[in-house]
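Data block below; observations after.
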Ligand SMILES: Cc1cc2nc3c(=O)[nH]c(=O)nc-3n(C[C@H](O)[C@H](O)[C@H](O)COP(=O)(O)OP(=O)(O)OC[C@H]3O[C@@H](n4cnc5c(N)ncnc54)[C@H](O)[C@@H]3O)c2cc1C
């Protein structure tokens, strides 16, 4: 059975040069970059705050993989790290290694940043449709409690993580690994209060030891826990005994774009959190008095739709550090793909292609390998005035696990914002802009290419 949704006439409520959909790392990068180049911009975000997975999923120590390596951050991401640190210090974090945010303060920091940058944000603006005209997006449709609202722009940037705008525009996409379409699991991070912070931080980082013991016990079947997860990444530990966050409950074989699957994932993960709390209380010194402080607003995803673009970045490109004339982002070589089906027996090697469990290839201290992302990965095969940034750009499933890092997503966001500005100024579609000029603009914005 089907029903017909009646067409509706909707006023275009706003018109801007560059419209960004999605306020995660990529969207923030895109909106700030375009605003700095003099564009009128608007950022639409479905939630009530910015930050994407960093704030909505508590991914607060997102750059841990750069600690102790030859690499450092640059561009807007580095500016945010520095600015945040200046204002909030390390937010009472007593664990070492890299910069960490308190995602609560970060929400406030990002509000102020966008205001300072002259990059307006509209919250509670869920986009689920577009109106097409001659192969271009004429208007983007926001669902509000007052009904649909239309916004139009010369260039639209899809930074939704899930490629929602591109999907609505009919851009073809891939999702999950090739053999069965499974994405990495959804994870519902949470915070606990009441750990014995002094004990856990005295004489070294005991949380690391706990993680190691947990893994051993899980693999030997001793934990009895239902959730398929052997590693236990802990985030910030505060003096007051808060552990923010615990990256543990994983739900597998979820399609991140299906409400039914998402509902299953949310419920499953909450059940795992309950089991985990009891387990930790009874098995680890320092955790006897813990309380569940908060569960992240929503289950988070590391990958979902990857749009079909003018170029598809592959693992081979990353391994060969293939050089592209239109390179808009250079990033350290790394891969991090949680097992899409919950297989725990793999050795983490890249050769497994995600079919043998987790791929876990990280940057070691003396490793200086990098890879390039060409501009064409941001250009969908169709829809003349659309650019895509962040984790949904055009890449294979394995390559995506390298470019999904928060810092990389902000870099592709910055590139999309600058490209959109060049397109508006030169009155050309994004595909036709002068890529040399784009690269110069990005360098001027502090990006190392
Ligand atoms: C559990 C977990 C742990 C992770 N750990 C790390 C880590 O340690 N280090 C690291 O670098 N990366 C990590 N990642 C990956 C990283 O968080 C993401 O890849 C990154 O945040 C992607 O950025 P993005 O801007 O492309 O998308 P997102 O962060 O997903 O942001 C997308 C934004 O768009 C909004 N949005 C979505 N759809 C719509 C719509 N239709 N209309 C309006 N708004 C919309 C969302 O609310 C969100 O704010 C982790 C991810 C998860 C889930």
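The values are calculated or read from the model by the stated rules, or taken from the named source; none is laboratory data. Note that the structure is predicted; figures quoted are calculated from it, not measured. Glycine also receives a Cβ, built like all others from the backbone with ideal geometry; neighbour counts cover every protein chain displayed.
Results, tabulated for the structure shown:
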{"quantity": "Residue within the stretch 38-45 that is near the ligand (Cβ under 6 Å from one of its atoms) and more than 13 Å from residue 418 (Cβ to Cβ) present", "calculated": "yes"}
{"quantity": "Residue 290 vs. criteria in contact with a strand residue (DSSP E or B) (Cβ under 8 Å, 6 or more places away or on another chain), farther than 16 Å from residue 188 by Cβ and not assigned by TED's automatic domain parsing to the domain that holds residue 65", "calculated": "yes"}
{"quantity": "Count of the stretch 187-206 residues which are assigned to a loop (DSSP other than H, G, I, E, B) and within 16 Å of the ligand (Cβ to nearest atom)", "calculated": "2"}
{"quantity": "Selection count, the stretch 396-407, where residues are within 16 Å of residue 312 (Cβ to Cβ) and near the ligand (Cβ under 10 Å from one of its atoms)", "calculated": "4"}
{"quantity": "Cβ pairs under 9 Å, 6+ apart, first in the stretch 44-55 and without any contact (Cβ under 8 Å) to a residue 40 or more places away in the chain, second within 6 Å of the ligand (Cβ to nearest atom) and not in a loop (DSSP other than H, G, I, E, B)", "calculated": "none"}
{"quantity": "Count - residues of the stretch 134-154 that are more than 17 Å from residue 17 (Cα to Cα) and more than 11 Å from the ligand (Cβ to nearest atom)", "calculated": "8"}
{"quantity": "Where residue 210 falls short, out of the listed (1) closer than 26 Å to residue 25 by Cα; (2) in the same structural domain as residue 285 (by TED's automatic domain parsing)", "calculated": "(1)"}
{"quantity": "Only listed residue being more than 16 Å from residue 385 (Cβ to Cβ) and in contact with a helix residue (DSSP H, G or I) (Cβ under 6 Å, 6 or more places away or on another chain), chosen from 119, 159, 154, 125", "calculated": "119"}
{"quantity": "Criterion violated by residue 366 - all others in (1) within 16 Å of the ligand (Cβ to nearest atom); (2) assigned by TED's automatic domain parsing to the domain that holds residue 33 satisfied", "calculated": "(1)"}
{"quantity": "Single match in 272, 279 (criterion: in contact (Cβ under 8 Å) with a residue 40 or more places away in the chain, in a helix (DSSP H, G or I), surrounded by 14 or more Cβ atoms within 10 Å (Cβ to Cβ) and away from the ligand (no atom under 16 Å from the Cβ))", "calculated": "279"}
{"quantity": "Check on residue 321, without any contact (Cβ under 8 Å) to a residue 60 or more places away in the chain, surrounded by fewer than 14 Cβ atoms within 10 Å (Cβ to Cβ) and touching a strand residue (DSSP E or B) at 6+ places or on another chain (Cβ under 7 Å)", "calculated": "yes"}
{"quantity": "Qualifying strands (runs of 3 or more DSSP E) (wholly inside the stretch 299-359; at least 2 residues being within 27 Å of residue 226 (Cα to Cα))", "calculated": "335-337"}
{"quantity": "Residue in the stretch 50-72 that is modelled with the lowest pLDDT, counting only those that are part of a helix (DSSP H, G or I) and more than 7 Å from the ligand (Cβ to nearest atom)", "calculated": "66"}
{"quantity": "Output for the stretch 209-229, where each listed residue is assigned to a loop (DSSP other than H, G, I, E, B) and under 15 Å from residue 280 (Cβ atoms)", "calculated": "222, 223, 224, 225, 226, 227, 229"}
{"quantity": "Complete set of residues in the stretch 75-97 that are in contact (Cβ under 8 Å) with a residue 24 or more places away in the chain, within 16 Å of the ligand (Cβ to nearest atom) and surrounded by 16 or more Cβ atoms within 10 Å (Cβ to Cβ)", "calculated": "75, 76, 77, 78, 80, 84, 93, 95"}
{"quantity": "Filtered residues of the stretch 166-186 (kept if touching a helix residue (DSSP H, G or I) at 6+ places or on another chain (Cβ under 7 Å) and either without any contact (Cβ under 8 Å) to a residue 60 or more places away in the chain or part of a strand (DSSP E or B) (or both))", "calculated": "173, 186"}
